[in-house]
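Quick note: the coordinates plus some simple rules give every number you see, no bench work behind them. Just so it is clear, the structure is predicted and the values come from calculations on it, not from any experiment. Here Cβ is always computed from backbone atoms with ideal geometry, including for glycine, and neighbour counts include all displayed protein chains.
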Amino acid sequence: MNLVIPEINWSAIGPELTLSITAMVLLLLSVVASPTARRAIPYLSLLGIAFALLLCISLWGKSAYAFNRMVVLDNYALFFKIIFLITTALTVLMSIRYLKEQGYEHGEYYVLILFAAVGMMFMASAADLIIVFLGLETFSLAIYVLAGFFRAQPKSIESSLKYFLLGAFSTGFLLYGIALIYGATGTTNLKGIYEFVSKAPALTDPLLLIGMGLLIVGFGFKVASVPFHMWTPDVYEGAPTSITAFMSVGPKAAGFAAFLRVFLYALSPLQTDWIWILWVLAVLTMTLGNVVAIAQKNIKRMLAYSSIAHAGYILVAMVAADELGTASVLYYMLAYAFMNLGAFGVIILFGRKGEENVNISDYSGMAAKYPLLAAVMAIFMFSLAGIPPTAGFVGKFYIFSAAVKAGYIGLAIIGVLNSALSVYFYLRITVMMYMRSPEKEFAKLEPSPAMVIALIIAVFGTLQIGITPSHYLNLAKQSILALM
Amino acid sequence: MFETFLFVLLAVVTTIAAILVIVQRNPVASAIYLIITLFCLAGIYLLLSAPFIAVIQVLVYAGAIMVLFLFVIMLLNLEKEKKLIYRNRLQKVLGVFLGGVLLAQIGMIFSSVLLEGSKGKFPAEKVAALGNTEVVARLLFTDFLLPFEIVSVLLLVAIVGAIVLAKKQI
């Protein structure tokens, strides 16, 4: 029997490996170390993230397949990995004080966050549907648990259970889709699928088409697009706020990373078949997200619907599917990571145990007491609404101009109208903060240094990406060469 | 001919048992029907000439996991379920309707054309010649080495998660 061991290319999974090892070491540490030593766990996890980030930057520009074409190292994967690492780092920074206040200071929290990041990174670098599935399961499992991390709070447990049940169901759809595509093409490898589909005469195999439809359901659930969005508001509301921040960005980016690679690369010959499905999904997602967000009283629920709407904008860019469209997905995801995490950071800081301040009306008069915090929140709200000179504005500009260029003028108009609608509920918070008198006394805020650093990074990112957009768009354009 | 008969029999029993799993009120009865479903699935795997997966299915699922299931059900001593949520009736009707539409669509496509997927690297004849378990093992440690390792990370996450959620004091 001759065994051929496939070539092992460690550098291709370097960042994943770094984070996995960090997570395992920290897991041991959280069991054996003394309680004082355990306080170092969040900082050690930051060290691991920083190391992985450096590794990603040093690998930029290289491209290679590894492990028998299971994973691929290219700029596209690296771009998303950098987004995941930034997301993870900001989440860790924002969690330290929050967990202490809530009385859940456990090392396992950071371990699970790191493992979730590992899963997301595998999903971004997947060159095989099996890796897509395993990466998705790894980060989903970690996030199901993290959503229920505040075990004594019924809302947190409810959120975890809801996400778990619906998530498991949607994974079933994804897996069935993968199975049918395997049945039709005889391979799960994305390159193999691409070669098979581009050779086959158009539209012959119904198996492939059902498989494609089921994949859309699976990915649509993870990125929270309508009509697979039902879980989003409840889960976002109940989960610990730091985890809400994490899952409003991380899984969405991971979902889109795999969604784009599978549809724009492997299934690109079938573009005429899936593009109209995505067109409808984009319109529904944007419209429902923005319209329902207006009626929300709880700020976490409002941001949940806003995150649905943002998934809709990204779907618009996916429909455009040309160079600018695809690059603007990456650009928008990066901008979205900074502005959304920042907004949740302010919510974490402003709410505290016992007095959560989760209603939008709680923000009235905040600017008089905390001018700096209100200004920071206003920047994130402006960016989410898409007002220059923030990153959100440029992102939407790229997306809609890509849609117009690709000939989807109707879609671009619906998008712009939606964007105008969204200004109402984002600016309402700013109006509340600056133009209303406070409804109650505010307790004194004591931001931890880590939180301050996180907010500074988020503000800096939001403005920097918005003011010098061409640099980041160029990076995004370099990244998508692998898909074209 | 005999194979087709066996397949239809197994498929019918699997489907009926699977439906019974979700409509039973008694959790122990549900679990028993689940065991029947898993056994029948193992039979279908055998028909697909995948004896290794069939054996694993019986050993792991119908054996180990179901024993744990029954233990948990008995230890928890479940009370009679209470209805907490009064669901929107329209939602239920719509859900059933859409589910039916999806089923009909898939059924229509499967029945309208003779599906013939393309073959992978290891068609049934080759597997039979090499030995089923051997092929699985060989693939697992060569081509599918990375997924195999990711699964171990996945299981670690699951274990940590279970402890975090269930242990009295972390």
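Quick one, could you list the DSSP H helices from chain B stretching 24 Å or more along their long axis (Cα atoms) with average Kyte-Doolittle hydropathy of -1.0 or above?
B:2-23, B:27-47, B:89-112, B:145-166
How many partner chain Cβ atoms sit within 10 Å of a residue's Cβ in peptide A:249-256, on average, as a whole number?
Per-residue shielding by partner chains comes out at 0.
Answer rounded, prolate or oblate for region A:228-367, using the Cα gyration tensor with square roots of eigenvalues a ≥ b ≥ c: rounded when a/c is under 1.5, else prolate when a/b is larger than b/c, else oblate.
prolate
Volume per residue, Å³, of the convex hull around the alpha-carbon atoms of region A:8-85?
Cα-based convex hull of region A:8-85, divided per residue, equals 83 Å³.
Using Cα pairs under 8 angstrom and six or more residues apart, how large is the relative contact order of chain A, in percent?
Reported relative contact order: 15 percent.
On average, how much area does the Cα convex hull of region B:122-170 cover when viewed from any direction, in nm²?
One quarter of the hull surface, i.e. the mean projection, equals 4.6 nm².
If we restrict to alpha carbons, what Rg and Dmax does region A:109-203 come to, in Å?
Looking at region A:109-203, its Cα Rg and Dmax stand at 16.8, 57 Å.
Could you rank the peptides A:461-473, A:337-349 by their average count of other C-beta atoms within 10 Å per residue, with the highest value first?
A:337-349, A:461-473
Rounded, prolate or oblate, given the Cα gyration tensor of region B:1-81, with a/c below 1.5 counting as rounded?
Here region B:1-81 falls in the oblate category.
Under 30 Å from the Cα of A:LYS191, which lysines turn up, not counting those fewer than eight places away in the same chain?
List returned: A:LYS62, A:LYS81, A:LYS199, A:LYS222, A:LYS252, A:LYS405, A:LYS477, B:LYS119, B:LYS121, B:LYS126.
Please list, in chain and number order, the residues 5+ apart from A:TYR65 or on another chain whose amide H is under 5 Å from its amide H, with Hs placed from the backbone.
Amide H to amide H, under 5 Å and 5 or more residues apart or across chains, A:TYR65 pairs with A:LEU73.
If you take every residue apart from A:LEU134 with its C-beta less than 10 Å away from the C-beta of A:LEU134, what net charge results, scoring Lys and Arg +1 and Asp and Glu -1?
-3
If each Cα of region A:366-473 is one equal point scatterer, what is log10 of I(q)/I(0) from the Debye formula at q = 0.10, 0.21 Å⁻¹?
-0.38, -1.13
If amide hydrogens are placed 1.01 Å from N in the peptide plane, which non-local residues have theirs closer than 5 Å to the one on A:ASP128?
Placed amide hydrogens put A:LEU190 under 5 Å from A:ASP128.
Quick check on the exposure proxy: order A:SER58, A:SER437, B:SER30 from fewest to most C-beta atoms within 10 angstrom.
Ranking A:SER58, A:SER437, B:SER30 by Cβ neighbours within 10 Å, fewest first, gives A:SER437, A:SER58, B:SER30.
Give me the tail of P(r) for region A:10-482 as a percent: Cα-Cα pairs with distance above 35 Å.
Every Cα pair in region A:10-482 considered, those over 35 Å come to 26 percent.
Whole-Hz ³J(HN,Hα) for each residue in region A:251-264, computed from phi via Karplus 6.51 cos²θ - 1.76 cosθ + 1.60 with θ = phi - 60°, x for glycine and proline: what do you get?
Along region A:251-264, the couplings run x, 5, 5, 5, x, 5, 4, 6, 3, 5, 5, 6, 8, 7 Hz.
For A:128-141, what's the mean count of beta carbons from other chains sitting within 10 Å of each residue's beta carbon?
4
Would chain B count as rounded, prolate or oblate if I go by the C-alpha gyration tensor, calling it rounded below 1.5 in a/c and otherwise prolate when a/b exceeds b/c, oblate otherwise?
It comes out oblate by the Cα gyration axes.
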